[in-house]
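Engineer: Quick one: structure below, then a few questions.
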Amino acid sequence: ENPFVIDSISRWQAFASDMNNTTSGISNYGAGLYFVLAKDLNFASSTFAPVVKFCGNFFGLGHTISNITYSYGNATNSNSGVFGSLMGDSVVADLNLDNINFSDMYSNAGLLCGNAAETRILNCHAKGVLSRPTRLGIQVNIGGIAGSAYTNDDVTVYRCSTSYSGTFMVSSLNGALIGTVVGGAGGSGKIDVFDCYGRGIVDYNNDRADAYIGGM
């Protein structure tokens, strides 16, 4: 009945800051709280701030976040996306992402989220570019919606679509798990993907590591 309303770039920045450090009075990365995107946000002339971890309920209301260019600089934070990690029975629904360009990701990378651990992703649609031009000694998990879904809890991805291109350099000692919707997946939890569409154009560069590339 009274959600937190995000209707400007500055309020998105405040939202990301509140989730990335819990000194604002919002605890547990927004668990149990509701956030709504009340208008389209265009980051063409603004600096984007990702949400490192999110455990709340985010409703895009059909609005679009667009024109993000962001480099992670190979930082050891392993989850890269508009939301780094979705967990704690979180929900992200009815959100559109357009012209999202993430580069120099470390490990788990997706346009919407790096890792889906305990979440429902509903009616979200993402288009963009994911690239990692350097070789790092760690496995890479890439997906258009979620880079990975390593979880001991349930994950649902429902009526989502994605279209992305990517160029990845991978360490010769480590492999890659790449999918259009979700990249790597595992754990004892249940992962359900229903009524989703994905399109990916991937340039994978490596001399001898294993790569698993699929349409899902």
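The values are calculated or read from the model by the stated rules, or taken from the named source; none is laboratory data. Keep in mind it's a predicted model, so treat the numbers as computed, not measured. Here Cβ is always computed from backbone atoms with ideal geometry, including for glycine, and neighbour counts include all displayed protein chains. For the accessible areas, the whole protein counts, side chains as well, though only heavy atoms, and no ligand, DNA or RNA atoms are used. Shrake-Rupley method; radii C 1.70, N 1.55, O 1.52, S 1.80 Å.
Residues are listed down the side, and each one gets a yes or a no for (1) touching a strand residue (DSSP E or B) at 6+ places or on another chain (Cβ under 6 Å); (2) within 19 Å of TYR72 (Cα to Cα); (3) open to solvent by 40 Å² or more (accessible area, probe 1.4 Å); (4) in a strand (DSSP E or B):
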{"position": "ARG120", "(1), (2), (3), (4)": "yes, no, yes, yes"}
{"position": "GLY128", "(1), (2), (3), (4)": "yes, yes, no, yes"}
{"position": "ASN152", "(1), (2), (3), (4)": "no, no, yes, no"}
{"position": "GLY184", "(1), (2), (3), (4)": "yes, no, no, yes"}
{"position": "ASP192", "(1), (2), (3), (4)": "yes, no, no, yes"}
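Engineer: Looking only at residues that are among the hydroxyl-bearing types (Ser, Thr, Tyr) and either under 13 Å from the mean Cα position of the chain (by Cα) or open to solvent by less than 20 Å² (accessible area, probe 1.4 Å) (or both) in region 162-174, which one is farthest from ASN205 (Cα to Cα)?
Structural biologist: THR162
Engineer: Let me ask something else. Of these, GLY56, GLY84, GLY73, GLY62, which one is without any contact (Cβ under 8 Å) to a residue 40 or more places away in the chain, under 23 Å from VAL157 (Cα atoms), exposed (fewer than 15 other Cβ atoms within 10 Å of the Cβ) and not aliphatic (A, V, I, L, M)?
Structural biologist: Going through GLY56, GLY84, GLY73, GLY62 in turn, the sole match is GLY62.
Engineer: Same structure again: Residue pairs, Cβ under 8 Å, 6 or more apart or interchain, first in region 19-44 and over 15 Å from ILE9 (Cβ atoms), second charged (D, E, K, R) and open to solvent by 50 Å² or more (accessible area, probe 1.4 Å). List them.
Structural biologist: Every condition considered, the pairs that remain are MET19/LYS53; ASN20/LYS53; TYR29/LYS53; ALA31/ASP89.
Engineer: Is it fair to say LEU177 is touching a Gly at 6+ places or on another chain (Cβ under 6 Å), open to solvent by 20 Å² or more (accessible area, probe 1.4 Å) and more than 19 Å from GLY62 (Cβ to Cβ)?
Structural biologist: Criteria met by LEU177.
Engineer: Here are the criteria: (1) more than 24 Å from ILE68 (Cα to Cα); (2) in contact with a Cys (Cβ under 7 Å, 6 or more places away or on another chain). Tell me which single one ALA146 does not satisfy.
Structural biologist: Only one criterion in (1) more than 24 Å from ILE68 (Cα to Cα); (2) in contact with a Cys (Cβ under 7 Å, 6 or more places away or on another chain) is unmet by ALA146, namely (1).
Engineer: Could you check region 87-106 and list, in sequence order, the residues that are of a type in the set (S, T, N, Q) and buried (at least 23 other Cβ atoms within 10 Å of the Cβ)?
Structural biologist: Once the filter is applied, which keeps residues that are of a type in the set (S, T, N, Q) and buried (at least 23 other Cβ atoms within 10 Å of the Cβ), region 87-106 yields only SER90.
Engineer: For region 121-140, indicate whether the set of residues that are within 11 Å of the chain's Cα centre (by Cα) and farther than 16 Å from GLY198 by Cα is non-empty.
Structural biologist: no
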